[in-house]
Amino acid sequence: METVTITMKNQPKLYLEADNISPDKFAGKKASEIAALHAYEGREQTTLGKYFEIAGEGGATAADTRIVVKGDVSRVKYIGMKMSAGEVLVEQSPDMYTGAWMQGGKLIVKGSVDSFAGIGMKGGEFLVEGNAGDYLGAAYRGDWRGMQGGLIRVKGNAGSDIGYFMNGGTIIVHGNSDVHVGTHMEGGRIIVKGNAPSKVGGQMVGGEIFVYGTIDVMMPGFKYVQDEEVEVDGEKALFALYHGDTGERHPKRKGQIVYGKLYLKI
Amino acid sequence: MAEYIIKNGFVFDPTQGIKGDKADIAVKDGKIVKSTEVSSKAKTIDASGKTVMAGAVEIHAHIAGPKVNEGRNYRPEDKLFTYRPKSASSRMAGGFSIPTTFKTGYEYARMGYTTAMEAAMPPLYARHVHEEIKDTPIIDEGAYPVFGNNWFVLEYLKNKEIENTCAYISWLLEASKGYAVKVVNPGGTEAWGWGLNCLTIDDPVPYFDITPREIVTGLIEANEALGLPHSVHIHQNSLGNPGNYTVTLDTLKLAEGFKAKNKFGREQVLHSTHLQFHSYGGDSWANFESKSKEVMDYVNKQKNITVDTGCVTLDETTTMTADGPFEHHLTELNHLKWANVDVELETAAGIVPYIYSPDIKVCEIQWAIGLELALMAKDPMRCFITTDHPNAGPFTRYPRIIKWLMSAEARKKQIESFKHSAKMVEATHIAGIDRELSLYEIAQMTRAGPAKSLGLSHQYGGLAPGMDADIVVYDFNPEKPHKPEDIEKAFSAAAYVMKTGVPVVINGEIVSNGNKRTLWVKAKVNENPQVMRDIRDKFLRYYSVTQANYDVSSHFVPNPHVIEVDATH
């Protein structure tokens, strides 16, 4: 695997839209070619080379390409967008849309990510060692096709509206989340190991939400079913299972109505 | 003004019966003239080895107004990854099934379309429609106000008051700067206000106690009494329901006995739009099948009808129609987001995203039906290509539809790629049709035919001297062997497009925003104090706006092209 190291040298004045920072785009390119890849600063089209020092070259394919992003990238959006393979390591904290529409490979952020990280994600592994902003693993504005596959793991806390319109895959938040968890969710699994204050599973049709800590205010559309032992993130535990959102339509499978499942740790 | 001569192209012009002969087309002062009438300074455009046609005419698309804009508002995902930054001669443009106004103008022009009709204008929001038309570059546009669920029309026609209906149509065309009499789900959209619908032409409309049959025949009678350039333009009852073809035939039969009366050379008294959605057999989605043959057999022999296809393009799109109850039915089927608006005394509208998937049997059958209608048409001057944009697919797919219609091989390839191709073939006729439309027939279905149906054959749809210089050159040599894909490619980005004498597209790129016009019809009738009093009365009693805030004043229509009709007697 070849490694390309890009280091922030000139901070953009405005936010930089850098969706070309992806193993798919770096593969098969030399440092000079990577420097020539375009980005947008405001409405001006510019190149990555204007902001980053680039060392190393891409592997033959995306899978053979590893990118290390160094320096202050707090004004850089769309790192790892649509990446299908390979690896990206961001040492500090990037701005919004990190790992958006990611399809495969591995994306690691040592710092925190801003909002819309991993939206519309289809596959791969996305690890955030700090905190995540709002709309983590959500659907793009207006879309009903949210996260469909892959794994997002946040070691810190997450903002509001995580897993909005989620259809598949897994989101694990080791800390707390803010309000609106799994709104309109139809599939997949959200695990909040800390607390989730309120609006958990609103208009949820299917899928599973686990909350290890407390929910201050439960949505009125959830009803208690039974206690269940479930294996979550590699460990078994006992949960109280609620079905919901009963105010929403629910499909039938093999004659049984399918509900969204909300598990509260006992 | 500049002079041009487009030399040595293979010309296809149904208005003069030219079927691919090499000819020169001369242009002076925005009009086509005889080659002898231009000076030696005329700029030469070399079209050798290329196809030359008149600018195409769109007869039915939803491209401007509150319904389209609500689609844009509530579907940001439709714009994702579609934006093109501005260039020297074009503005930033984006969107797929509901493109921005700018993209609408640019994309029509790039395909060689120079005129387009907005198919459903809610009169109360006519100002919005005209604001968007004004912001749509290059193409000439008109808009059809909707009449089929309008309280004035329902009341007048219930009492068989044709003359009052005429006076009201005349007033509303002028107030809304409208082009034609559009009818959407006659009576059904009004019934939707009560949570009901009219699914046959004899279902009574609640409160008004009138039937779709009476609404349609009354409007045809009024339209012909006025002698408007276009006929009544109908979106029939029971759209999109299995087994609806009988309702379709019932409605088409309403035209029997009527004769077109107008000075524009229009021969039909009824235009039935997006026929694909109305040619369904079976009684459920399980035994859903094509009834295109039954419908086209009737259309072929009934000369006073024109139709357009409403071809399904197999895309993710946004359905939008003044057929409010249908959109509710659709959201119940696909569970995707639904917008619904009631427009006071006039109409309603609904919007739902829809995915025509090549993996779903019903969508595959719908795809076949749309193409079958065009392939079964005996008179290409009476059957036009549309997608009912964006309902069956975006208008930007016309080149693909032309490819399917011109190539049996392309259709075969598409059928083979379907998930349920065997079941689809069983439920349709498409696999047994080997007809391949010629470029001449395509020119009839996209140019001369719709222009004639709209009563605009004196200026659009042909290349005869005296007509508007709307000319397209496609990089397609009909004398050389070609692959189906070459057809789609050539029609997607014209080599050269001229709009009223101004070059607007060169090599598929926009070079000018042209000088677009808005077409509307001013129909003069005898003074009618009763209708004027009824209008004042309805505004005072029912409308949420005053009459003074209703009219589309002239500054909304900065470059009008008014077609005048005198129906006084």
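The values are calculated or read from the model by the stated rules, or taken from the named source; none is laboratory data. None of these values were measured; they are calculated from a predicted model. All Cβ positions, even for glycine, are placed from backbone atoms using ideal geometry, and neighbour counts span all protein chains on display. Surface areas here come from the heavy atoms of the whole protein model, side chains and all, with no ligands, DNA or RNA. Shrake-Rupley method; radii C 1.70, N 1.55, O 1.52, S 1.80 Å.
Key figures for this structure:
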{"item": "Whole-Å distance, taken between Cα centres, linking the stretch B:40-70 and the stretch B:238-256", "result": "33"}
{"item": "B:Arg447, B:Arg541, A:Arg153, ranked by accessible area, largest first (probe 1.4 Å)", "result": "B:Arg541, A:Arg153, B:Arg447"}
{"item": "Part-to-part distance (alpha-carbon centres) for the stretch B:155-231 and the stretch A:85-107, which is given in Å", "result": "58"}
{"item": "For A:Val88, distant residues with modelled amide H under 5 Å away", "result": "A:Ile67, A:Lys106, A:Leu107, A:Ile108"}
{"item": "Net +/- balance of residues flanking A:Asp245 in space, Cβ distance below 13 Å, scoring K and R +1, D and E -1", "result": "+2"}
{"item": "Rounded to the nearest 10 Å², the accessible area of A:Tyr140 at probe 1.4 Å", "result": "50"}
{"item": "Unit Cα scatterers, Debye sum, the stretch A:1-98: log10 I(q)/I(0) for q = 0.11 Å⁻¹", "result": "-0.25"}
{"item": "Protein-only accessible surface order, largest first, of B:Asp13, B:Asp250 at 1.4 Å", "result": "B:Asp250, B:Asp13"}
{"item": "From the C-alpha gyration tensor of the stretch A:112-266, square roots of 5λ in Å", "result": "22, 18, 14"}
{"item": "Cα-based equivalent ellipsoid, the stretch A:174-246: semi-axes from gyration tensor eigenvalues, Å", "result": "17, 14, 12"}
{"item": "Radius, Kirkwood style, for chain A when every pair of distinct Cα atoms is counted (Å)", "result": "18.8"}
{"item": "Sum of side-chain charges, B:Gly432 neighbourhood, beta-carbon under 12 Å (Lys, Arg +1; Asp, Glu -1)", "result": "+1"}
{"item": "Rounded to the nearest 10 Å², the accessible area of B:Arg397 at probe 1.4 Å", "result": "50"}
{"item": "Where the Cα pairs of the stretch B:384-488 fall when distances are cut into 10 Å bins, in %", "result": "13, 36, 34, 14, 3, 0"}
{"item": "Förster radius 30 Å - calculated FRET efficiency between B:Glu409 and B:Asp379 (Cβ-Cβ, nearest 0.05)", "result": "0.75"}
{"item": "Mean separation of Cα contacts under 8 Å, 6 or more apart, over the residue count of chain A: relative contact order %", "result": "10"}
{"item": "Two-decimal log10 I(q)/I(0) for the stretch A:67-123, as the Debye equation yields it once each C-alpha is a single scatterer, q = 0.16, 0.17 Å⁻¹", "result": "-0.38, -0.43"}
{"item": "Computed FRET value (nearest 0.05) for B:Ile433 with B:Asn287, which takes r as the C-beta separation and R₀ as 22 Å", "result": "0.50"}
{"item": "Occluded residues from the stretch B:331-346, i.e. those whose accessible area drops by 50 Å² or more once the chain is not alone (1.4 Å probe)", "result": "B:His335"}
{"item": "Principal axes of chain B: Cα extent on each, largest first, Å", "result": "65, 57, 47"}
{"item": "Taking N as its residue count, the alpha carbon Rg of the protein assembly as shown over 2.2 N^0.38 Å", "result": "1.04"}
{"item": "Semi-axis lengths (Å, descending) of the ellipsoid that matches the C-alpha gyration tensor of the stretch B:207-352", "result": "27, 20, 14"}
{"item": "Percent RCO, i.e. relative contact order, over chain B, from Cα pairs under 8 Å lying at least 6 residues apart", "result": "20"}
{"item": "Largest-first principal axis extents, alpha carbons of the stretch B:292-387, Å", "result": "40, 40, 18"}
{"item": "Rotationally averaged projected area of the stretch B:525-569 (alpha carbon convex hull; nm²)", "result": "4.4"}
{"item": "Solvent-accessible area lost in complex, 50 Å² minimum, residues of the stretch B:50-85 relative to chain alone, 1.4 Å", "result": "B:Glu77, B:Leu80, B:Phe81"}
{"item": "Sequence of A:Met81, A:Met185 from largest to smallest accessible area, 1.4 Å probe", "result": "A:Met81, A:Met185"}
{"item": "Environment charge of B:Tyr207, counting only residues whose C-beta is closer than 14 Å and scoring Lys/Arg +1, Asp/Glu -1", "result": "-3"}
{"item": "In Å², nearest 10: area of B:Phe264 left accessible to a 1.4 Å probe", "result": "20"}
{"item": "Cα centroid of the stretch B:345-376 to Cα centroid of the stretch B:505-567, whole Å", "result": "31"}
{"item": "Cross-link pairs B:Lys7/B:Lys263; B:Lys50/B:Lys301; A:Lys199/B:Lys337; A:Lys25/A:Lys122 - those with Cα-Cα distance over 25 Å", "result": "B:Lys7/B:Lys263; B:Lys50/B:Lys301"}
{"item": "Rg to Rh quotient for the stretch A:96-185, alpha carbon positions, Kirkwood Rh", "result": "0.91"}
{"item": "Relative contact order (%) - criterion: Cα under 8 Å, at least six apart; region: the stretch A:144-266", "result": "19"}
